[in-house]
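> Questions regarding the structure given below will be posed in turn.
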Amino acid sequence: MTAEEYNDAVNQYSDSIYRFILKNIRDVEKARDIVQDSYEKLWIHHRQVAADAVKSYLYATAYHRLIDVIRKDSRIRLGERHPTTGNMHTDQYTDLAEVLHQIIVLLPNDQRSVLMLRDYEGYSYREIAEITMLSEAQVKVYIYRARVFMKNYIRSMDILI
């Protein structure tokens with residue numbers, strides 16, 4: 001990969017990678033850091049990465065860095081108490097986008113990541129499997145479980161029934 005191809009990769013993929021990470025981690029500064037780390041790693045290994053594989057390499061790198069950050073944050077908060085969140089929601093919402101965002105936040109990290117890659121970024125099951133280093137079957141299972149959870153959650157809300 002040349003410096004020009006690297007710069008093209010920055011222009012083409014940085015925004016979508018940032019959105020993907022931000023949707024998962026919901027922290028602007030951490031999302032920026034993860035994107036920066038991903039591009040730094042790409043530059044370090046730019047001679048080994050083919051230009052046609054840059055997008056997958058960047059998403060895979062960002063995804064793995066995201067998992068590292070989530071694990072680190074969970075270890076830091078290990079002693080803190082978190083309120084339990086049930087499947088029932090008592091507030092009434094009229095904005096469907098806000099409801100969907102609230103539901104996505106409740107999903108486990110793996111399910112949220114593969115669902116976002118599939119539904120928000122438009123990746124195929126095979127591409128998601130390569131990025132997350134899961135099997136295609138496991139990707140499909142995670143997406144199915146996430147969608148079932150979302151469907152059941154929406155059914156349990158009085159405002160949308």
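> Expected output is a single nm value to one decimal: the length gained when fully extending between LYS151 and SER135, i.e. 0.36 nm times separation in residues minus the C-alpha distance. What is it? Could the numbers behind the result be given before it?
Values: separation 16, 0.36 × 16 = 5.76 nm, distance 2.44 nm.
Result: 3.3 nm gained on full extension.
> Each residue of the range 5-16 in turn: what ³J(HN,Hα) in whole Hz from Karplus with 6.51, -1.76, 1.60 and θ = phi - 60°, glycine and Pro shown as x?
5, 4, 4, 4, 5, 4, 5, 7, 10, 4, 5, 5
> Straight-line reach from LYS55: which lysines have Cα under 26 Å away, leaving out those fewer than 8 places along the same chain?
Straight-distance partners of LYS55: LYS23, LYS30, LYS41, LYS72, LYS140.
Each reported figure results from applying straightforward, stated rules to the coordinates on display, with no laboratory input. Every value quoted in this text rests on a predicted model; they were computed, and no experiment measured them.
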